[in-house]
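As structure tokens, the structure follows; a few thoughts come after it.
The values are calculated or read from the model by the stated rules, or taken from the named source; none is laboratory data. Just so it is clear, the structure is predicted and the values come from calculations on it, not from any experiment. Positions of Cβ are generated from backbone atoms using ideal geometry, with glycine treated the same way; all protein chains shown enter the neighbour counts. Please note that ligands, DNA and RNA were not included when accessible areas were found on the heavy atoms of the full protein model with its side chains. Shrake-Rupley method; radii C 1.70, N 1.55, O 1.52, S 1.80 Å.
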Amino acid sequence: MIDWLISGDRPRSVALGAVLLGILFSLAFAPFLFPGVRALDTAATILIFIVLVASYDLLLGYSGIVSFAHTMFFGLGAYGVALASIHMGPGWDALIVGALAGALSATVLAYAIGLFSLRVRAIFFAMITLAVASAVAVLVSQLFQLTGGEDGLTYRIPRALTPANRVGELFGVRINGRILAYYLLFFSCTALFLLLLRIVNSPFGRVLQSIRENDFRSEAIGYRVVAYRTAATCLSAAMAALAGSLYAIWLRYVGPDTTLSFEIMIDVLLMVVIGGMGTMYGAVIGATIFVLAQNYLQNLMGAASDATSALPLIPDLINPDRWLLWLGVLFVLSVYFFPTGIVGRLRAGR
Amino acid sequence: MTQTLLETTDLTVRFGGHVAVDHVTCAFRAGELTAIVGPNGAGKTTYFNLISGQIGASAGSVRLLGQDITRMGVARRCAMGLGRAFQLTNLFPALSVLENVRLVIQARRGKGFNLFSIAASHVEMTTAALAVLERVKLGALRDQKVSELSHGNQRKLEVAMLIALDPQVYMFDEPTAGMSVDEAPVVLDLIAELKHDSDRTILLVEHKMDVIAKLADRIIVLHNGALVADGPPAEVIASDVVQKVYMGREIADV
Ligand SMILES: Nc1ncnc2c1ncn2[C@@H]1O[C@H](COP(=O)(O)OP(=O)(O)OP(=O)(O)O)[C@@H](O)[C@H]1O
Ligand SMILES: [Mg+2]
């Protein structure tokens, strides 16, 4: 049963299995284990990024395709939900229509980009995605009547998913719509992740890996490489869009900074690399570590800085204002010491 | 009359001013093993590339099973029954030995776009792949990463992948090159076995004369891209043109 759910793709390392179970457990019971708005926000963000990063891994790690348009697809899903909720009024139907419209437009756009540029060299595809993503970002900020421009859009979602919906108490924790929304995210993201895990372990996923390894030979044994690459691009885009839709449900706000920005694109890239490319489980670990660091490194440094205030220089170095610098150092170190990512390292033993 | 499976007509390719394959017209019939010989740079591999579609022809045509495939893509030619093993080993290095062959079986079965089943649960495909590995004596190495195989074993796997494809037209490009004396017979015996199948045709680029003499029903000679001799082995080897092409030396020395 479990083997079927994870498509027979076992962690193949006790340590990795333990870490993954720990993350699963923490996310599954986050509202009870880590009370507080901030903690729940962090857990929800981790869930979303696991799907976003896993869908990017399908492309980068499994198919060997470099794309810079992944956050654009993420944004399409988010804006789909936002626009549907505004124009149709808050409701479940708006969420579903918005998510489907977002996923569909992401697929169509990915298909167009793929058809146009996957035939040629890989670097050309990467450049086209960069160009299209920039163009869409500009478009979103220019069409402010529709998209809210740089300010973004706020909208309402079904009342059942808002804090106003009080359900009762469980284990001393007040259950409200916000916690229901969290579980909507939790189950959706788990399902999407398992679906991605299935796809990479399917016959189709094996073809993608063969193309990554040697596209010339894949073609020679009868796989139409362009068709497979295009399909992978479309799938990955649709998954990113669905992650975006879920994010929009959670935030009740969309804006260029939260969904479209190039910064998020870089973050996603780092999460894939840190976790381990072409492993899927790397997405879980990469996203968890990254989002935690983003949210708590500053606090940690503040505390450390205060604790060492008597010493010279050190408090300055670990001043919370330098957190980005230290995040950078952390990445360089992790890439240097774990070139195959954390998953690769754990699987190799030690 | 035996059936013609593959046919090239005035097949030509130019690289800049250099004519690498020059108006080659030749038909390959079912149940026949044709050895293709010629000195280094004669255009043998390029002729193969034109037939299997890796490079486009400048002029002329290729027909497979009666259909013009000159403008067809590599994958579609393969699906029609054209199989090719490469002179320079061309595998999926980070994948296992078994997976390399399994991918071929999967392609043959048209299962590539199966997205929602677990690949490992298609036991029949794995079994078929293992059977092919046994035939080239690689069964014991099934879980090895291909990049860790010895050169000889990689060459065997190259052959195994062509056999797994089960095509109507087999194209072997120096299959035993770089193999040790005790490894080569495994591959050559396999090719001899394939010959018994009378509805297929085999094209074999090979330098070793003793191998050709034993296996070939027919030899064609390429020289500077042109077809200069075509006939039964004994006749071709004895002919003046072959002696001239090889500049008086015996073919076996080349
Ligand atoms: N893509 C290409 N571009 C330019 N020239 C090429 C290309 N492919 C082959 N050639 C040239 O065509 C000629 C024929 O090469 P080919 O590899 O077909 O020879 P061959 O008969 O297979 O030789 P060998 O016995 O060494 O394998 C050579 O002069 C080679 O340099
Ligand atoms: Mg050659």
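Ignoring ligands, DNA and RNA and using a 1.4 Å probe, state the total buried accessible area between A and B in Å², rounded to the nearest 100.
Numbers: alone 17120 and 11890 Å², together 26390 Å².
In total, this chain pair buries about 2600 Å².
Could you give the distance between the Cα centres of the stretch A:171-244 and the stretch B:139-208, to the whole Å?
37
What number does the stretch A:55-172 give for Rg over Rh if you use C-alpha atoms and the Kirkwood radius? Present the calculation step by step, with values, prior to reporting the outcome.
Working: Rg = 17.8 Å, Rh = 16.2 Å.
The Rg/Rh ratio comes out at 1.10.
Using a 10 angstrom cutoff on alpha carbons, build the Gaussian network for chain A and name the most mobile of A:Leu251, A:Leu330, A:Leu109.
A:Leu330
List, by residue number, every residue in the stretch A:199-219 with a reduction of 30 Å² or greater in accessible area between the chain on its own and the complete protein assembly, 1.4 Å probe.
A:Pro203, A:Phe204, A:Arg206, A:Ser210, A:Glu213, A:Asn214, A:Phe216, A:Arg217, A:Glu219
With each label point set 7 Å from Cα along the Cα-Cβ vector, what nm distance links A:Leu5 and A:Tyr111?
3.4
Give me the one-decimal nm value for the distance between modelled label points at A:Phe32 and A:Glu169, 7 Å along each residue's Cα-to-Cβ direction.
Here the modelled spin labels are 1.6 nm apart.
Provide, in order from the shortest bin, the percent of all Cα-Cα pairs of the stretch A:244-350 in each 10 Å bin, continuing until the bin that contains the maximum pair distance.
Result, from short to long distances: 14, 33, 32, 18, 2 percent.
Could you compute how fast the stretch B:1-44 diffuses translationally, taking Rh as the Kirkwood radius over C-alpha pairs and applying Stokes-Einstein at 4 °C with viscosity 1.567 mPa s? Give it in µm² per second. Walk me through the numbers on the way to the answer.
Details: Rh = 12.0 Å.
Diffusion coefficient, whole number: 108 µm²/s.
Give me the one-decimal nm value for the distance between modelled label points at B:His151 and A:Ile123, 7 Å along each residue's Cα-to-Cβ direction.
Distance between label points: 3.2 nm.
Scan around B:Arg84 for amide H atoms under 5 Å from its own, H built in the peptide plane at 1.01 Å from N, and keep only partners 5 or more places away or cross-chain.
Residues meeting the amide H criterion: B:Met171.
Search the structure for amide H atoms under 5 Å from the amide H of B:Arg29, placed 1.01 Å from N in the peptide plane, and list their residues when 5 or more places away or on another chain.
Here the answer is B:Leu5, since their amide H atoms fall under 5 Å of that of B:Arg29.
Taking 0.36 nm per intervening residue step and subtracting the Cα-Cα distance, what contour gain separates B:Asn224 from B:Asp240 on full extension?
Working: separation 16, 0.36 × 16 = 5.76 nm, distance 1.66 nm.
In short, 4.1 nm is gained.
Please list, ordered by chain and number, the residues whose modelled amide H lies under 5 Å from the amide H of B:Ala59; skip anything fewer than 5 residues away on the same chain.
Here the answer is B:Thr12, since their amide H atoms fall under 5 Å of that of B:Ala59.
Trypsin sites (Lys or Arg not before Pro), restricted to the stretch B:30-114: which are DSSP loop and have at most 14 other Cβ atoms within 10 Å? The partial results should precede the final answer.
On the way: sites: B:Lys44, B:Arg63, B:Arg71, B:Arg76, B:Arg77, B:Arg84, B:Arg102, B:Arg108, B:Arg109, B:Lys111; in loops: B:Arg71, B:Arg109, B:Lys111.
Answer by residue number: B:Arg71, B:Arg109.
What FRET efficiency, computed as 1/(1 + (r/R0)^6) with R0 = 25 Å and r the Cβ-Cβ distance, is obtained for B:Asp68 and B:Ala30, rounded to the nearest 0.05?
0.85
Per residue, how large is the accessible surface of chain B? Use a 1.4 angstrom probe and give square angstrom. Spell out each step's value before the answer.
On the way: 10580 Å² over 254 residues.
Here the residues of chain B average 42 Å² of exposed surface.
Partner chain Cβ atoms within 10 Å, averaged over the residues of B:75-84 - can you pull that number for me? Intermediate results must be reported in sequence, preceding the final value.
Values: counts 11, 3, 3, 6, 4, 1, 0, 2, 3, 3.
So the per-residue partner count for this stretch is 4.
Calculate, axis by axis, the spread of Cα positions in the stretch A:305-350 along the three principal axes, and write the results as whole Å, longest axis first.
Result for the stretch A:305-350: principal-axis Cα extents of 42, 20, 12 Å.
Kindly write out, for the stretch A:87-97 in residue order, the coupling ³J(HN,Hα) from the Karplus curve 6.51 cos²θ - 1.76 cosθ + 1.60 (θ = phi - 60°), rounded to whole Hz, with x marking Gly and Pro.
Calculated HN-Hα couplings, in order: 7, 9, x, x, x, 5, 4, 5, 4, 5, 4 Hz.
Within the stretch B:106-254, what whole-number % of the accessible surface is contributed by carbon and sulfur, with the 1.4 Å probe and all protein chains included in the calculation? Provide the component values of the computation, followed by the final result.
Working: 3600 of 6750 Å².
The C+S portion of the solvent-accessible surface of the stretch B:106-254 is 53 percent.
Consider a paramagnetic label point 7 Å from the Cα of A:Asn295 along Cα→Cβ; state which residues of the stretch A:270-289 have an amide N under 12 Å from it.
Only A:288-289 pass the distance filter.
Output the residues of the stretch B:94-127 meeting this criterion: accessible area (heavy atoms, 1.4 Å probe) in the chain alone minus accessible area with all protein chains in place is 40 Å² or greater.
So the qualifying set is B:Leu95, B:Leu103, B:Ala107, B:Gly112, B:Phe113, B:Leu115, B:Phe116, B:Ile118, B:Ala119.
In whole Hz, what ³J(HN,Hα) sequence does the stretch B:49-58 give by Karplus (6.51, -1.76, 1.60; θ = phi - 60°), x for Gly and Pro?
Ordered by residue, 3J(HN,Hα) equals 4, 5, 5, 8, x, 5, 10, x, 6, 7 Hz.
Measuring from the lowest to the highest alpha carbon on each principal axis, how far does the protein assembly as shown reach, largest first, in angstroms?
95, 52, 50
Could you give the length gained by full extension between B:Asp166 and B:Thr127, i.e. 0.36 nm per residue of separation minus their alpha carbon distance, to one decimal place?
On the way: separation 39, 0.36 × 39 = 14.04 nm, distance 1.52 nm.
Between B:Asp166 and B:Thr127, full extension yields 12.5 nm more.
Name the residues of the stretch A:83-117 whose amide N is less than 18 Å from a point 7 angstrom out from the Cα of A:Ala160 along the C-beta direction?
A:85, A:89-100
Once all Cα-Cα distances of the stretch A:113-263 are split into 5 Å bins that start at 0, what whole-number percent is in each one?
2, 8, 12, 14, 14, 14, 12, 9, 7, 4, 2, 1, 0
Which of these, A:Thr258, A:Thr45, A:Thr308, has the largest mean-square fluctuation under a Gaussian network model of chain A (Cα springs below 10 Å)?
A:Thr308
Given the pairs B:Lys137/B:Lys244; B:Lys208/B:Lys244; B:Lys111/B:Lys156, which are separated by over 29 angstrom at their Cα positions?
In this structure, B:Lys137/B:Lys244 exceed 29 Å between Cα atoms.
For the stretch A:121-217, run through the trypsin sites (Lys or Arg not before Pro) and keep only the ones in DSSP coil with at most 14 other Cβ atoms within 10 Å of their Cβ.
Values: sites: A:Arg121, A:Arg156, A:Arg159, A:Arg166, A:Arg174, A:Arg178, A:Arg198, A:Arg206, A:Arg212, A:Arg217; in loops: A:Arg121, A:Arg156.
Those satisfying the criteria are A:Arg121, A:Arg156.
What list of ³J(HN,Hα) values in whole Hz, one per residue of the stretch A:39-51 in order, does the Karplus curve 6.51 cos²θ - 1.76 cosθ + 1.60 (θ = phi - 60°) give from phi, with Gly and Pro shown as x?
Once θ is set to phi - 60°, the couplings for the stretch A:39-51 become 5, 5, 4, 4, 4, 5, 4, 4, 4, 4, 6, 4, 5 Hz.
Name the most mobile residue of A:Ser55, A:Ser210, A:Ser305, meaning the one with the largest mean-square fluctuation, in a Gaussian network model of chain A with Cα contacts below 10 Å.
Residue with maximal mean-square fluctuation among A:Ser55, A:Ser210, A:Ser305: A:Ser305.
In whole Å, what is the distance between the alpha-carbon centres of the stretch A:68-102 and the stretch A:302-321?
44
Would you compute the Debye intensity of the stretch A:176-229 from its alpha-carbon atoms alone, equal scatterers and no solvent, and pass along log10 I(q)/I(0) at q = 0.18 Å⁻¹ to two decimals?
The calculated log intensity ratios at q = 0.18 Å⁻¹ are -0.64.
Straight distance only, please: which aspartates and glutamates reach the Cα of B:Lys145 with their own Cα at less than 12 Å, same-chain residues fewer than 8 apart left out?
The reachable aspartates and glutamates, counting only those whose Cα sits under 12 Å from B:Lys145, are B:Glu99.
Hey, what D do you get for the stretch A:2-348 in µm²/s if you plug the Kirkwood alpha-carbon radius into Stokes-Einstein at 10 °C and 1.306 mPa s?
Numbers: Rh = 21.1 Å.
Reported coefficient: 75 µm²/s.
Placing one identical point scatterer on every Cα of the stretch B:97-254 and ignoring solvent, what is log10 I(q)/I(0) from the Debye formula at q = 0.11, 0.15, 0.17, 0.19 Å⁻¹?
The Debye formula, applied to the Cα set alone, gives -0.54, -0.87, -1.02, -1.17.
Quick one: accessible area per residue over the stretch A:44-123, 1.4 Å probe, rounded to a whole number of Å²? Working shown, then result.
Numbers: 2790 Å² over 80 residues.
Roughly 35 Å² per residue, with all protein chains present.
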